[in-house]
Amino acid sequence: MAEKKKKKNSFAQTLYKNRVAYVYIAPFFILFAAFSLFPIVAGFGLSFFRWDGMSAMHFIGVENYINLFKDVLFWRALGNTLLIGIIAHIPILLGGLILAYILNSKLVKGENIFKTIYFMPMVTSSVAISIIFQQLFSNNYGVINWFLGLFGVSPINWLGGDGSLIKVAVITMFAWKWIGWNMVIYLAGMQGISQDVYEAAKMDGANHTQTVFKITIPLLKPIIVFTLIQSSIGMFNLFTEPFILTNSSWTGGINNGGLTLMMYLLNKAPQGGTAYGYASSVAYVITLLVVCFSVIFNKWSSEKDDTKKRRKAA
Amino acid sequence: MKKIILYIVLGLIALVMLMPFYMMFVMSTLSTNQIYSFPPHLFFGTNLAANFKSMMDQIDIVRSFLNSCIVTFAYTGLSLLFCSMGGYAFATYDFPGKNKLFTLLLGTMMIPFTAGIIPWFMMMSKLGWINSFWALIVPSCANAFGIFWMRQYCQNNVPVSLREAAKIDGCSEWTIFFKIIIPILIPAFAALGIMQFVNTWNDFMTPLLILRKPAMQTLPIALKSMVSDRGNDYGAIMLASTCAVLPLLVAFLCASKFFMSGLTAGAVKE
């Protein structure tokens, strides 16, 4: 008994002795526990209940998840999100790498001007961008159809029609926004690679293509993985662009062509409806997908390192 | 020859990147009839004054601008304070459980916030924070990445002996922090602050859920409220978009190096 008391006292004493440091770090841990940890844990619990936010909660086991996987709209939202995200990753990865490579090659001047211009979308409100693109993609009056018309293409109903072409607009905006960010990061990574490595490769008789694929890309791999994780999180959070393009439609416009996972979630609760339990299960499925993608990308980056090490050892 | 081709490629892409901005400026000086005409007007018109009047009739742009400023400055300021306190403590103090707590902090960065979004919203409504700026400022203002970033900076720039010397001179802990440590941290504040500022200023999803009263709207929400299914006055909408975009864009163009290093800080400084 006495020992317990003593222990308690010493704990209080340590707390008191280091009170300054604990006070400094307290805001983070308190706010995190209250506004992140608690909702995340509660969300997991909530996903097994039926609840409209007002009346009593009903425990229904995994029924929310079963209903979710049975819902055609969920699969459409998932399909749309992945389709938009995966296609948009081609220009932002390849384009970002190529642009960074050109600027890094010192063949052209004005590196900072180009960097600044390509980076501009990153500081711009995505609502404003979406409103502008809505006009650019407009069927009868849009600049894009006018431009295509110069080459004899008849006007395309991007945002109307059967609703599938809206994805082209969203992909364009996604790529337009992220390409500069990727490029700036890749460029910083390339500039961090020591010139010695390139010179050594040159001495060994490596040609241009070999240097790019055997030196630059492998050395950039951790940075490429970082940008992939960031932009795939951006992909799963995709909401503003299709939402504004469809004039604030919570169901993605015509034939749900612009329905994304985030939109599907918010439309269940708290925006569109009050299916709080069901929405929680949607949130957990999205989270699981994000975690899966991150784990896969991280695995991919460390795996290649292993083979390199093994090769070195052999 | 090769050089010329490279310049043309870079220039064309730059043109594509700039075109939406240019069209936004152009359309904010056109009447809606001119915007709804074919071929599109590609040069500035004379309807700016009328668009301005129409915009003022539709939304309270001054109020929205102020709301955006309040949320963004409050969030950025509070976040810089808490992150620098945390980072400073982890970098220069020795206390029991330090390493475990820091590992825990890094671990929290792996958890996506989406998982808790529904209970989070319920909490906000229970606290009476719907239609209140508190919901946008308080919950995430002490963030793990900021503390991690500040700790790195403190480790390289704040010697532990500095605090001991100041203590001998009779300074209290708070005086040391505000008078001595914070001035050293200003460069780190700039980078982290820019990141927080840009993200908060442009945030759409959280304010959309929280701020439902017109008087509380931030700029992106006010912008969204101007767009409906039919009868949109696009000249006025474009002018409002310009108002929302221009402040940050000008700041970015003036200090683009600062912005780019701030916003990409997480990637490059490892």
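Quick look at the values:
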{"read-out": "All Cα pairs of region B:1-40, percent lying beyond 13 Å", "value": "64 percent"}
{"read-out": "Inter-chain Cβ neighbour average for residues A:240-253, partner chain, 10 Å", "value": "2"}
{"read-out": "Chain B - percent of accessible surface contributed by carbon and sulfur, probe 1.4 Å", "value": "68 percent"}
{"read-out": "Region B:190-260 - Rg and Dmax from Cα coordinates, angstrom", "value": "14.2, 43"}
{"read-out": "Region A:1-157: equivalent-ellipsoid semi-axes (sqrt of 5 x gyration tensor eigenvalues, Cα, Å)", "value": "52, 32, 15"}
{"read-out": "³J(HN,Hα) computed for each position of region A:285-297 - Karplus, 6.51 cos²θ - 1.76 cosθ + 1.60, integer Hz, glycine/proline x", "value": "5, 4, 4, 4, 4, 4, 4, 4, 4, 4, 4, 4, 4"}
{"read-out": "Derived scalar couplings ³J(HN,Hα) [region A:47-61; Karplus, 6.51 cos²θ - 1.76 cosθ + 1.60; whole Hz; x for Gly, Pro]", "value": "5, 9, 10, 9, 8, 9, x, 10, 7, 5, 8, 10, 6, 10, x"}
{"read-out": "Accessible surface of chain A, 1.4 Å probe, proportion on carbon and sulfur as whole %", "value": "66 percent"}
{"read-out": "Fraction of the pair-distance distribution of region A:26-98 above 15 Å, Cα-Cα pairs, percent", "value": "73 percent"}
{"read-out": "Over region B:22-96, equivalent-ellipsoid semi-axes from the Cα gyration tensor in Å", "value": "48, 16, 7"}
{"read-out": "Surface/4 of the Cα convex hull for region A:101-199, nm²", "value": "8.8 nm²"}
{"read-out": "Evaluated over the protein assembly as shown, the Cα radius of gyration and Dmax, each in Å", "value": "25.9, 92"}
{"read-out": "4 °C / 1.567 mPa s Stokes-Einstein diffusion coefficient of region B:101-223, Kirkwood radius on C-alpha pairs, µm²/s", "value": "75 µm²/s"}
{"read-out": "Entries of B:LYS98/B:LYS167; A:LYS167/A:LYS214; B:LYS98/B:LYS126; B:LYS126/B:LYS179; A:LYS109/A:LYS177 with Cα pairs more than 31 Å apart", "value": "A:LYS167/A:LYS214; B:LYS98/B:LYS126; B:LYS126/B:LYS179"}
{"read-out": "Estimated 222 nm signal from helices in chain A, with DSSP H stretches of n ≥ 4 weighted -39500 (n - 2.57), rounded to 500", "value": "-21500 deg cm²/dmol"}
{"read-out": "1.4 Å probe accessible area per residue over the protein assembly as shown, in Å²", "value": "47 Å²"}
{"read-out": "In order through region A:113-129: 3J(HN,Hα) via Karplus (6.51 cos²θ - 1.76 cosθ + 1.60), integer Hz, x for Gly, Pro", "value": "5, 5, 4, 4, 5, 5, 8, 3, x, 5, 9, 9, 4, 6, 5, 4, 4"}
{"read-out": "Relative contact order (%) - region B:61-218, alpha-carbon pairs under 8 angstrom, separation at least six", "value": "46 percent"}
{"read-out": "Solvent-accessible area of B:LYS98 with every protein chain in place, 1.4 Å probe, in Å² to the nearest 10", "value": "40 Å²"}
{"read-out": "Residues whose placed amide H lies under 5 Å from that of A:PHE49, excluding near-sequence neighbours", "value": "A:ILE60"}
{"read-out": "Accessible area buried between chains B and A, both sides summed, probe 1.4 Å, in Å² to nearest 100", "value": "8100 Å²"}
{"read-out": "Chain B: Cα Rg divided by the 2.2 N^0.38 Å rule of thumb", "value": "1.26"}
{"read-out": "Gyration tensor (Cα) of chain A, equivalent ellipsoid semi-axes in angstrom", "value": "40, 36, 19"}
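The values are calculated or read from the model by the stated rules, or taken from the named source; none is laboratory data. Since this is a predicted model, take the numbers as computed values, not measurements. All Cβ positions, glycine included, derive from the backbone under ideal geometry; neighbour counts span all protein chains shown. Just so you know, the surface numbers come from the protein's heavy atoms only, side chains and all, with ligands and any DNA or RNA stripped out. Shrake-Rupley method; radii C 1.70, N 1.55, O 1.52, S 1.80 Å.
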